[in-house]
1. Return the lysines within reach of Lys70: Cα separation strictly under 27 angstrom, same-chain partners fewer than 8 residues apart disregarded; answer none if there are no such residues.
2. For Asn317, what charge total do you get from the other residues with a beta carbon under 13 Å from its beta carbon, if Lys and Arg give +1 and Asp and Glu give -1?
3. Give me the mean projected area, in nm² to one decimal, of the convex hull enclosing the Cα positions of region 175-232.
4. At 7 Å along the Cα-to-beta-carbon direction for both Ala395 and Phe510, put a label point, then send me their distance in nm to one decimal.
5. I need the Debye-formula profile for the chain: one equal scatterer per C-alpha, no solvent, reported as log10 I(q)/I(0) at q = 0.07, 0.08, 0.10, 0.11 1/Å, two decimals.
6. Name the trypsin sites (Lys or Arg not before Pro) in region 42-137 that are in a loop by DSSP and that have at most 16 other C-beta atoms within 10 Å, would you?
7. Would you report the distance distribution of C-alpha pairs in region 411-490 as whole percents per 10 angstrom bin, up to the bin with the largest distance?
8. Along each of the three principal axes of the Cα atoms of region 62-176, give the extent in whole Å, ordering the values from largest to smallest.
Amino acid sequence: MQQITEQKMENLADADQAETEDDSYLQELDQFRKNPVNLNSAGENELRELKILTDLQIVNLLSYRKLLGKLVSIYELQSVPSWDIFTIRKLLPFVTISSPVPVVQSIRARLQGGDHNVLLRYSQVIERSAGFDRSAPGTRYLGSAQRFFFRYRYSYRNMLQYGFLGDKDAGEQFFRGAQNLGFDFYSFHFFARKIGTVQSLALGDFTVNMGQGLIQWQSLAYGKSADVMGVKRQSAILKPYNSAGEYNFHRGAGITIRKKKFEITAFVSMRKISANFVADTIDNYGFFTSFLMSGYNRTLSEIQDRNNLTQTSFGGNLTYRNDSWHVGINGIYYHFSIPLQKRAELYNIYAINGNNWGNLSIDYGYTYRNFHFFGEAAVDKNLNKAMVNGMLISADRRVDLSIVHRSISPGYQSINGNAFTENTYPTDENGLYAGISIRPTSYIRLDAYGDLYRFPWLKYLADAPSYGKDFLAQFTFIPGKQVELYTRFRVKTRQGNQPDNTTVTNFLVFFPKQSLRTQISYKVNSVVTLRSRVELLWYDKRGPGKENGFLTFFDFIWKSLLKPITANIRLQYFETEGYNSRLYAYENDVLYSYSIPLFYGKGYRYYINFNYDISKRTSIWMRWAQTIYPGVSSIGTGLDKIYRDRKSEIKIESRIFLN
């Protein structure tokens with residue numbers, strides 16, 4: 001489970017060229033460890049929340065349970081059609097097999113029987129960057145270099161959750177200036193489940209996920225990876241939001257009601273958003289050109305753009321659900337207090353403009369024997385069309401197949417769409433993806449996919465219609481509980497403008513990229529685990545801009561169930577010939593946090609993580625990480641430029657249970 005999750009996060013960081021601050025999935029996994037899902041009573045939505053099972057596996061489990069009764073042992077899962085030993089191993093920490101226990105419906109029990117906990121986190125880059133040099137003229141960060149994060153949360157099983165948080169980024173002011181109320185960002189949420197016919201009730205901050213992401217998907221969603229069966233978007237429509245990211249959520253109220261086979265969801269939101277505002281003084285007219293998603297409010301110009309846009313939105317879903325199929329109707333509408341007007345570029349000719357936008361869609365899912373079909377068809381305000389259709393097939397107990405086709409017109413746009421596409425947002429794309437997973441034995445797994453896609457219209461840095469292809473093959477070997485090894489080879493080719501072109505018109509060329517990675521994990525005993533990775537990357541191997549990349553690391557992980565201390569250490573070396581040959585590596589971090597830094601140039605990196613449980617109620621985590629670039633006089637650019645050959649970060653976190 002950990003290996004696949006890390007690969008998905010690395011691929012996501014590579015695609016977005018940024019790290020997400022959404023730690024909701026890590027919180028959910030921690031909650032499932034404390035309160036495992038009972039496979040004898042869990043419903044379809046609860047099983048989906050694990051994000052481990054496919055809809056085909058979920059339907060087969062429910063059918064098996066209905067036909068043969070409650071499971072007697074965890075080993076009985078091997079008899080469920082489309083279930084395999086790899087899936088069962090991933091599930092084990094988060095599920096249990098027991099007799100169903102009636103759920104306490106008392107509001108008093110929910111309010112008094114849960115856990116109160118407070119999380120405090122401090123982090124800071126030790127070296128001073130140019131933005132904190134007050135002696136130099138020009139734009140500078142107005143606040144301190146420290147980052148502070150505070151979160152209080154109450155949770156009762158998976159039935160009730162509420163809390164609030166505050167977040168201050170490095171460079172932002174704290175209890176002074178523009179942030180005289182303390183933190184730059186505050187968030188509050190209240191979320192309850194299963195109150196009679198009410199399946200979900202959200203107040204404050206929450207996310208909305210509908211269909212296959214063509215019109216709305218705000219929670220964490222992965223793209224292509226070695227998990228070739230994880231191509232379908234799966235989530236409850238409403239989910240609580242209590243992460244540090246300042247953009248991708250709604251603020252208001254939402255409710256989901258189920259009556260027999262019908263389920264209806266409605267939500268409304270009004271919130272302030274930071275945007276790049278442009279004032280036209282000649283025509284006395286103002287508009288914004290883009291949303292500012294970073295959440296940074298460190299300089300005077302960033303503060304001026306802070307929360308200068310009011311976004312009002314509402315929408316909902318109506319779903320009819322049967323034992324083996326469902327169909328849903330989704331809709332969402334947005335209104336902005338000032339109009340959106342993108343830059344006058346040819347690739348922006350279909351971009352969203354004006355004060356309002358809306359989307360409608362129909363999504364479906366149908367399981368027939370060992371086939372599961374799913375998809376979504378959507379239109380936007382201007383009736384531009386988009387469609388995603390897929391199929392999961394359990395061809396044999398040892399062979400699974402997945403197919404996804406998408407056809408999205410160049411004109412189709414959505415504000416918060418996030419579908420299974422090559423593009424970051426679902427627009428201007430036609431493609432066909434096919435994946436296969438083969439398990440010849442209980443300890444060998446072969447996963448591979450191929451994806452062919454084209455973009456019918458222009459894109460940023462591609463001044464003509466273009467196309468690309470992406471292939472991956474991964475071999476996984478798990479002979480026992482001690483050893484886990486995987487090797488993967490990936491080839492990706494995409495068109496873009498010829499670099500350093502001197503002619504009047506840009507023309508497209510291919511940019512192929514190949515990578516080879518091998519990672520092995522060896523559990524020496526119940527306390528010590530060793531892990532190592534070697535990765536090679538070739539960019540534009542036979543072209544004029546060719547670059548090579550290399551990365552290797554070694555991890556030492558120490559964890560004892562008998563002692564309140566855990567620790568892990570990483571030693572890493574990387575060497576690339578430029579930014580295009582950059583590499584990513586998932587890093588262990590403090591609780592509910594992770595790092596996926598990109599590496600280019602030549603350097604060394606190490607980090608040390610330490611965790612100590614002071615008592616049953618109090619735990620602390622500490623992290624020290626440093627990257628050293630030999631032979632350079634500075635690191636980074638602009639206000640983040642450091643005039644040294646190294647960058648060091650310290651992070652300290654404490655979690656305290658109040659009951």
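What follows is calculated from the coordinates using simple rules that are stated; it is not laboratory data. Computed from a prediction, not measured in an experiment: that's the story for all the values here. Positions of Cβ are backbone-derived with ideal geometry, glycine not excepted, and every protein chain shown enters the neighbour counts.
1. Lys34, Lys51, Lys90, Lys194, Lys259, Lys260, Lys261
2. Value of the local net charge: -1.
3. 7.5 nm²
4. 2.6 nm
5. Treating every Cα as an identical point scatterer, log10 I(q)/I(0) equals -0.48, -0.64, -1.07, -1.36.
6. Lys70, Arg128, Arg134
7. Result returned by the calculation: 16, 34, 24, 18, 9, 0.
8. Here the Cα extents, ordered largest to smallest, are 75, 40, 19 Å.
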